[in-house]
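Encoded as structure tokens, the structure appears first; notes follow it.
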Amino acid sequence: AVVSTQSCHYGRGVSNSLACYRQNCAAPSQPGQLILPETLKLLPLYSHCLLRSPALLPSMEVGFDEKSNLLQRLSMMSVQESELFLYPRLYNLNTSTLGNEGMPPIVRS
């Protein structure tokens with residue numbers, strides 16, 4: 001219940017941010033259509049990834065020791081390491097070639 005409440009709160013925050021972008025920054029477009037710059041296209045996905053990260057989950061779902069360890073590790077990571085820790089890896093499932101580990105090649109790591 002706590003996670004769904006947080007999820008709704010952050011979801012509304014992302015929606016409000018995109019609505020403000022449309023109102024104040026975006027070029028006029030058709031109703032119901034929002035053309036985002038490349039830097040904002042994955043904002044909803046990234047915000048959801050942050051919500052699902054064990055380091056940022058509510059204390060009831062992750063033990064105190066594990067959460068403090070993850071937060072400590074996260075605070076010491078470089079930008080590249082934190083990106084790999086927080087954000088999903090995208091795979092192209094339409095290719096027939098498999099990588100070294102029997103997985104499709106990574107599109108974005």
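The values are calculated or read from the model by the stated rules, or taken from the named source; none is laboratory data. Only a predicted model underlies this, so the values are computations on that prediction, with no experimental measurement involved. We place every Cβ from the backbone using ideal geometry, glycine too, and count neighbours over all the protein chains shown. Accessible surface areas use protein heavy atoms only, side chains included; no ligands, DNA or RNA. Shrake-Rupley method; radii C 1.70, N 1.55, O 1.52, S 1.80 Å.
Read through the list (1) under 28 Å from Ala19 (Cα atoms); (2) of a type outside the set (Val, Ile, Thr); (3) at pLDDT 80 or above, then give the number of the only condition that Tyr87 fails.
The one condition Tyr87 does not meet is (3).
Is it the case that some residue within the stretch 55-63 is small (Gly, Ala, Ser) and either farther than 21 Å from Tyr10 by Cβ or at pLDDT below 80 (or both)? Break it down stepwise before answering.
Quick first cut of the stretch 55-63, residues small (Gly, Ala, Ser) only: 55, 59, 63.
Keeping just the survivors that are either farther than 21 Å from Tyr10 by Cβ or at pLDDT below 80 (or both) gives 59, 63.
Yes, there is a match, as at least one residue in the stretch 55-63 is small (Gly, Ala, Ser) and either farther than 21 Å from Tyr10 by Cβ or at pLDDT below 80 (or both).
Are any residues in the stretch 40-88 of a type in the set (Lys, Arg) and open to solvent by less than 70 Å² (accessible area, probe 1.4 Å), and if so, which ones? Please lay out each step first, then the result.
From the stretch 40-88, those of a type in the set (Lys, Arg) are 41, 52, 67, 73; that's our starting set.
Correct list: Lys67 only.
If I filter the stretch 14-33 for residues that are surrounded by 11 or more Cβ atoms within 10 Å (Cβ to Cβ) and in a loop (DSSP other than H, G, I, E, B), do I get at least one hit?
Within the stretch 14-33 (the criterion being surrounded by 11 or more Cβ atoms within 10 Å (Cβ to Cβ) and in a loop (DSSP other than H, G, I, E, B)), the answer is yes, since at least one residue qualifies.
Could we say that Pro44 is outside any loop (DSSP other than H, G, I, E, B), under 21 Å from Leu90 (Cβ atoms) and at pLDDT 80 or above here?
Numbers: outside any loop (DSSP other than H, G, I, E, B): yes; under 21 Å from Leu90 (Cβ atoms): yes; at pLDDT 80 or above: yes.
When the stated conditions are applied, Pro44 passes them.
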